[in-house]
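> Sharing a structure, written as structure tokens. Questions coming.
The values are calculated or read from the model by the stated rules, or taken from the named source; none is laboratory data. Predicted model only: the values in this text are computed from it and were never measured. Glycine gets a Cβ as well: all are built from the backbone with ideal geometry, and neighbour counts include every protein chain shown. Keep in mind that these areas ignore ligands, DNA and RNA; they rest on the heavy atoms of the full protein, side chains included. Shrake-Rupley method; radii C 1.70, N 1.55, O 1.52, S 1.80 Å.
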Amino acid sequence: MTFSHDALIFSPRDVDLSQSPLAGKVDAETYVLGAFNPGMTRLPNGNLLLMVRVAEALKTPIRDQHIHAIRWTEHSYALDAWPLEHVDTADPRKFMMRGGGWKVMALTSLSWLLPVELNADGTKIEQVHYDKAIAPRDSYQCYGVEDARISKVGDRYLMTSCSVSPERHSTTLYSSADAMDWQLEGIVLDHQNKDMLIFEGLIGDKFFAQTRPLGDLYFAYPPGSEWRSGPSINLASSPDALHWKPYDKPGIRPHAKTIATARMGGGAPPILTDEGWLTLWHGVEPMGLVGVYRTYWSLLDRDDPSVVLKTSHDALLEANPALTDPIKDLMYLDNVVFTTGIADAGDHYVVASGEADLGCRITHIPKTAFA
């Protein structure tokens with residue numbers, strides 16, 4: 001499918017690290033590994049806001065036979081060092097600890113969130129709000145704040161993010177009246193339950209959200225089942241957006257007949273259309289280091305979002321190498337598009353995605369694509 005507009009709007013070269021929350025607080029030189037996976041919402045003034053994940057990494061993480069990582073502390077930022085013989089550095093985004101009974105890793109970057117204001121159709125940067133950046137504030141965020149998703153429910157903006165620490169890999173909630181000044185509400189989903197997307201509207205009198213808990217063990221479906229065992233997009237409800245109960249019925253599950261969505265997770269927060277809740281999600285085909293990420297869509301029943309009315313088995317969006325070609329010298333991954341936001345724009349939707357874990361992509365998708 002071709003689109004009337006499909007372009008990178010923000011990349012690592014657009015970030016001014018002299019205005020980073022880490023500036024002057026890390027005793028080492030840093031660079032922007034990626035500026036990507038932007039949450040998106042429409043501001044009261046009609047412009048669009050991207051909440052960009054900035055992964056700020058050490059320029060020389062390996063020195064003196066040790067690999068280093070950045071960690072937030074109550075007073076500043078610390079550099080932690082691990083002997084090289086104790087780690088595996090195959091993935092440029094992280095390093096794995098050798099030995100032990102569990103998968104244990106640390107990151108080569110620390111992420112924070114940067115508000116970038118765009119014009120109404122997402123084709124031009126209006127202002128980068130460094131003074132409103134969101135950085136770690138508590139020990140459960142000491143390795144960073146990642147992958148914001150923003151929903152407007154009534155007159156309140158709700159933003160979920162993934163908070164990373166040795167304590168847990170959790171989902172945290174922020175709230176705001178204007179999408180610029182955010183209050184941290186705390187942890188709302190526990191360890192490795194992430195990709196939390198709050199529906200943009202109540203169902204009955206409850207908030208609803210898509211979630212994606214992870215694990216290393218899944219039980220098999222019976223032979224001949226249409227479903228494939230593995231990560232799925234689950235549902236939860238809440239009276240107040242703070243206390244969440246898992247929904248008894250399953251949500252969106254991987255189909256047995258295709259490997260392209262063998263792993264899946266939420267993308268953009270579900271929005272209500274005349275036909276039901278439109279949800280964009282990612283499917284991952286196992287391949288290479290991280291897999292091939294594509295964006296798909298489903299339409300859910302407006303009263304019971306566990307009921308899938310329609311789904312896309314063909315990808316809506318795929319990685320587009322032409323978009324990243326001007327910054328190909330910065331690339332460390334390919335075959336990844338990770339959709340994180342959607343906004344109504346009349347006859348089309350403005351869709352925000354992370355491209356190649358590197359930059360922010362804006363795509364205008366006609367509403368007819370979801371017919």
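> So what's the Cα pair-distance distribution over segment 193-247, bin width 10 Å, in %?
23, 41, 25, 11, 0
> Report the semi-axes of the equivalent ellipsoid for segment 65-205 in whole Å, largest first, where each axis is √(5λ) for an eigenvalue λ of the Cα gyration tensor. Write down the numbers at each step before the final one.
Working: eigenvalues 202, 67, 38 Å².
Working through the eigenvalues yields semi-axes of 32, 18, 14 Å.
> I would also like to ask the following. What length, rounded to one decimal in nm, is gained on full extension from Lys124 through to Asp178, with 0.36 nm per residue of separation minus their alpha-carbon distance? Write down the numbers at each step before the final one.
Working: separation 54, 0.36 × 54 = 19.44 nm, distance 2.07 nm.
The Lys124-Asp178 span can extend by a further 17.4 nm.
> Over the alpha-carbon set of segment 239-357, work out the extent along each principal axis and list the three values in angstrom, largest first.
Here the Cα extents, ordered largest to smallest, are 47, 36, 30 Å.
> Now a separate question. Let me know the whole percent of all Cα-Cα pairs from segment 31-77 that are separated by more than 12 Å. Kindly include the intermediate steps, with their values, before the conclusion.
Numbers: 795 of 1081 pairs.
Roughly 74 percent, once rounded to a whole number.
> For segment 76-115, what does the relative contact order come out to in percent, with C-alpha contacts under 8 Å and a separation of six or more? Numbers along the way, then the final one.
Working: 33 pairs, mean separation 10.4, N = 40.
For segment 76-115, the relative contact order is 26 percent.
> Considering only Cα-Cα distances, which of the following residue pairs are longer than 31 Å: Lys249/Lys367; Lys152/Lys257; Lys206/Lys310? Show your work: numbers first, answer last.
On the way: Lys249/Lys367 29 Å; Lys152/Lys257 36 Å; Lys206/Lys310 24 Å.
In this structure, Lys152/Lys257 lie more than 31 Å apart at Cα.
> I've got another one for you. Within segment 143-166, name every residue whose backbone N is under 13 Å away from a label modeled 7 Å from Cα of Val104 along the Cβ vector.
Backbone N within reach: 166.
> With a 1.4 Å probe and all protein chains left in place, how much of the accessible area of segment 236-327 comes from carbon and sulfur atoms, in whole percent?
Working: 2220 of 4150 Å².
C and S fraction of accessible area: 53 percent.
> Mind grabbing the base-10 log of I(q)/I(0) for segment 290-371 at q = 0.12, 0.13, 0.23 Å⁻¹? Debye formula, identical points on the C-alpha positions, no solvent, two decimal places.
These q points yield log10 I(q)/I(0) values of -0.41, -0.48, -1.14.
> Right, something else. Counting every Cα pair in the chain, what percent are over 32 Å apart? Each step should come with its number before you reach the end.
Numbers: 19518 of 68635 pairs.
When all Cα pairs of the chain are counted, 28 percent exceed 32 Å.
> Determine Rg/Rh for segment 218-259; Rg is computed over alpha-carbon atoms and Rh is the Kirkwood hydrodynamic estimate from the same atoms.
Working: Rg = 13.3 Å, Rh = 12.0 Å.
My calculation of the ratio gives 1.11.
> Report ³J(HN,Hα) in whole Hz for each residue of segment 166-180, in order, from the Karplus equation J = 6.51 cos²θ - 1.76 cosθ + 1.60 where θ = phi - 60°; Gly and Pro get x.
x, 5, 5, 10, 10, 9, 10, 10, 10, 10, 7, 8, 9, 6, 10
> Under the definition of Cα pairs under 8 Å and six or more residues apart, what whole-number percent is the relative contact order of segment 195-243? Each step should come with its number before you reach the end.
Values: 62 pairs, mean separation 19.2, N = 49.
RCO, segment 195-243: 39 percent.
> For segment 1-111, compute Rh as the Kirkwood radius over C-alpha pairs and then the Stokes-Einstein diffusion coefficient at 25 °C and 0.890 mPa s; write the answer in µm²/s, rounded to an integer. All intermediate terms of the calculation are to be shown ahead of the outcome.
Working: Rh = 16.3 Å.
Using the Kirkwood radius from Cα pairs, D works out to 151 µm²/s.
> Fully extended, how many nm does the chain gain between Ala81 and Asp205 (0.36 nm per residue separation, minus their Cα-Cα distance)? Write down the numbers at each step before the final one.
Values: separation 124, 0.36 × 124 = 44.64 nm, distance 4.95 nm.
Residue separation times 0.36 nm, minus the Cα-Cα distance, leaves 39.7 nm.
> Please identify the chymotrypsin sites (Phe, Trp or Tyr not before Pro) of segment 286-344 that satisfy two criteria: DSSP loop assignment and at most 13 other Cβ atoms within 10 Å. Which are they?
Details: sites: Tyr293, Tyr296, Trp297, Tyr332, Phe338; in loops: Tyr332.
Those satisfying the criteria are Tyr332.
> While we're here: Can you tell me the convex hull volume per residue for segment 170-215, based on C-alpha atoms, in Å³ to the nearest whole number? Please report the intermediate quantities before stating the final value.
Working: hull volume 4.1 nm³, N = 46.
For segment 170-215, the hull spanned by Cα atoms encloses 89 Å³ per residue.
> With only alpha-carbon pairs counted, each pair once and no self-pairs, how large is the Kirkwood hydrodynamic radius of segment 138-266 in angstroms? Don't skip to the answer; put the middle values down first.
Details: mean 1/r = 0.0639 Å⁻¹.
After inverting the pairwise mean of 1/r, the radius is 15.7 Å.
> Which is farthest toward the positive dipole end of the chain among Pro83, Tyr130, Leu173, measuring Cα position about the Cα centre, with Cβ charges +1 (Lys, Arg) and -1 (Asp, Glu)?
Result: Pro83.
> Using just the helices of the chain, give the 222 nm mean residue ellipticity in deg cm²/dmol: DSSP H runs with n ≥ 4 each add -39,500 (n - 2.57), and the total is spread over all residues, rounded to 500. Walk me through the numbers before you get to the answer.
Values: 1 runs with 4 residues, N = 371.
For the chain, the value works out to 0 deg cm²/dmol.
> Restricting things to Cα coordinates, could you compute the convex hull volume per residue of segment 198-292 in Å³?
On the way: hull volume 12.7 nm³, N = 95.
Per-residue hull volume (Cα only) is 134 Å³.
> Same structure again: Give the relative contact order (percent, whole number) for the chain; include only Cα pairs under 8 Å separated by 6+ residues. Present the calculation step by step, with values, prior to reporting the outcome.
On the way: 975 pairs, mean separation 57.1, N = 371.
15 percent.
> Report the equivalent ellipsoid semi-axes for segment 146-197 in whole Å, largest first, defined as the square roots of five times the eigenvalues of the gyration tensor built from alpha carbon atoms. Intermediate results must be reported in sequence, preceding the final value.
On the way: eigenvalues 86, 21, 13 Å².
Equivalent-ellipsoid dimensions as semi-axes: 21, 10, 8 Å.
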